[in-house]
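Written out below as structure tokens is the structure these notes cover.
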Amino acid sequence: MTRQEIAFEIAKGLVETGIEGGYNAVSCSTGGDYPSIGCSQWEGGRADDLLARIPGGSRFAGRTYSDIRSAGELEALAALLGSANGQYAQLEKLKEDCLDYVDTLQGIAFLDDSRCIIYAGMWCPTSTGVVARFIRRRQERGYNIRSLETMRDMFRDEYAQAACIPANCYDGYANRAENTFQYVAAIDLSTPYGVPVYGEGPFGR
């Protein structure tokens, strides 16, 4: 698969599974008093960039979550994100982000299985750098990162702790690991791209 094809499948997976949220998602970041928005939970400068692409979005840029909430504008922000313009802007930004994810992931030695790259890419919105370091270190320890089952087990059992996620979120990350595995294992990559049916190629591809 080309980088564009893999990026498309990552973006489609994020939208179809909703693991980062829906188009109209608005929540307070776990990292501070600022909003996490949209289907990829954009924050900070990345959120402001998204808002600048949506007509009327600039009025929410650079503001804290508390400020938007106290002004009674959370629903207005959600409606803006869920509008036709909001959805279009999110898809365009997501395409750009996913190309960056693929470029980073394809720089990891032995991470060359299309499904494993898609799987890892669907975790990249949490932090591309953390995901890449996490995979590199497991590969150096002998983990088979060409196996989708191994990728699931790694992320299910070790990612939350490696990414310094609060312990009360571990179960949620474990569920995400399993749900993402089920999604990636089931997608048809053979018809459009000629990738072997899952389980019929080497390394469980």
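Only residues that are small (Gly, Ala, Ser) and within 19 Å of the chain's Cα centre (by Cα): list them for the range 183-192, please. Give the steps one after another, and end with the answer.
Here is the first cut: in the range 183-192, the residues small (Gly, Ala, Ser) are 185-186, 190.
Passing the criteria: 185, 186.
Output the helices (runs of 4 or more DSSP H) that fall wholly within the range 35-141 and possess 1 or more residues being in contact (Cβ under 8 Å) with a residue 60 or more places away in the chain and crowded, with 19+ Cβ neighbours inside 10 Å, or say none. So that I can check it myself, show each step before the final result.
On the way: elements: 44-52, 65-70, 74-82, 84-105, 114-121, 128-140.
Where helices (runs of 4 or more DSSP H) fall fully within the range 35-141 and carry at least 1 residues being in contact (Cβ under 8 Å) with a residue 60 or more places away in the chain and crowded, with 19+ Cβ neighbours inside 10 Å, they are 84-105, 114-121.
From 104, 191, grab the single residue that is of a type in the set (Ser, Thr, Tyr), at pLDDT 95 or above and under 19 Å from residue 6 (Cβ atoms). Quick ask: steps written out before the conclusion?
Numbers: 191 fails: at pLDDT 95 or above.
None of the others qualify; the one that does is 104.
Tell me which residues, restricted to the range 159-169, are surrounded by 13 or more Cβ atoms within 10 Å (Cβ to Cβ) and more than 19 Å from residue 104 (Cβ to Cβ). Walk me through it before giving the result.
Quick first cut of the range 159-169, residues surrounded by 13 or more Cβ atoms within 10 Å (Cβ to Cβ) only: 159-160, 162-163, 165, 169.
Scanning the range 159-169 gives 160, 165, 169.
Residue 198 passes all but one of (1) assigned to a loop (DSSP other than H, G, I, E, B); (2) among the hydroxyl-bearing types (Ser, Thr, Tyr); (3) more than 16 Å from residue 117 (Cα to Cα); which number fails?
Single failed check for residue 198: (3).
Take the conditions at pLDDT 95 or above, within 27 Å of residue 46 (Cα to Cα) and either loosely packed, with under 12 Cβ neighbours inside 10 Å or among the hydrophobic types (A, V, I, L, M, F, W, C) (or both) and apply them to residue 174. Does it pass?
yes
Within the range 160-182, does at least one residue satisfy the condition of being part of a helix (DSSP H, G or I), closer than 16 Å to residue 6 by Cβ and within 15 Å of the chain's Cα centre (by Cα)?
Within the range 160-182, the first condition is being part of a helix (DSSP H, G or I), and the residues that meet it are 160-162, 167-182.
Keeping just the survivors that are closer than 16 Å to residue 6 by Cβ gives 180.
From what is left, the residues that are within 15 Å of the chain's Cα centre (by Cα) are 180.
Yes, some residue in the range 160-182 is part of a helix (DSSP H, G or I), closer than 16 Å to residue 6 by Cβ and within 15 Å of the chain's Cα centre (by Cα).
Being over 30 Å from residue 186 (Cα atoms) and not basic (Lys, Arg), is that true of even one residue in the range 84-101? I'd like the intermediate steps shown before the answer.
To start, the set of residues in the range 84-101 that are over 30 Å from residue 186 (Cα atoms) comprises 85.
Adding the requirement that they be not basic (Lys, Arg) leaves 85.
For the range 84-101, residues over 30 Å from residue 186 (Cα atoms) and not basic (Lys, Arg): present.
If residue 130 meets every condition in (1) closer than 16 Å to residue 9 by Cβ; (2) under 20 Å from the mean Cα position of the chain (by Cα) apart from one, which number is that one?
(1)
Please count how many residues of the range 1-38 are under 14 Å from residue 77 (Cβ atoms) and out of contact with any strand residue (DSSP E or B) (no Cβ under 7 Å at 6 or more places or on another chain).
Final tally of qualifying residues: 6.
Could you tell me whether any residue of the range 149-158 is surrounded by fewer than 16 Cβ atoms within 10 Å (Cβ to Cβ), of a type outside the set (Lys, Arg) and part of a loop (DSSP other than H, G, I, E, B)?
No, the range 149-158 contains no residue that is surrounded by fewer than 16 Cβ atoms within 10 Å (Cβ to Cβ), of a type outside the set (Lys, Arg) and part of a loop (DSSP other than H, G, I, E, B).
Taking the range 1-32 as the search range and keeping residues that are part of a loop (DSSP other than H, G, I, E, B) and within 12 Å of residue 117 (Cβ to Cβ), which one is modelled with the highest pLDDT? I'd like the intermediate steps shown before the answer.
First, the residues of the range 1-32 that are part of a loop (DSSP other than H, G, I, E, B): 1-2, 18-25, 29-32.
Filter once more, so that each one left must be within 12 Å of residue 117 (Cβ to Cβ): 1-2.
Details: 1: 92, 2: 95.
Applying the filter and picking the extreme gives 2.
How many residues does the range 52-71 hold that are over 15 Å from residue 89 (Cα atoms) and among the β-branched types (Val, Ile, Thr)?
2
Among (1) within 30 Å of residue 182 (Cα to Cα); (2) crowded, with 19+ Cβ neighbours inside 10 Å, where does residue 17 come up short?
Condition (2) is where residue 17 drops out.
Would you check if residue 179 is surrounded by fewer than 19 Cβ atoms within 10 Å (Cβ to Cβ) and either modelled with pLDDT of 95 or more or aromatic (Phe, Trp, Tyr) (or both)? Can you show your working first?
Values: surrounded by fewer than 19 Cβ atoms within 10 Å (Cβ to Cβ): yes; either modelled with pLDDT of 95 or more or aromatic (Phe, Trp, Tyr) (or both): yes.
It is true that residue 179 is surrounded by fewer than 19 Cβ atoms within 10 Å (Cβ to Cβ) and either modelled with pLDDT of 95 or more or aromatic (Phe, Trp, Tyr) (or both).
The values are calculated or read from the model by the stated rules, or taken from the named source; none is laboratory data. Fair warning: this is a prediction, and the values are worked out from it, not measured in the lab. For neighbour counting, all protein chains shown are included, and Cβ atoms are generated from backbone atoms with ideal geometry for every residue, glycine included.
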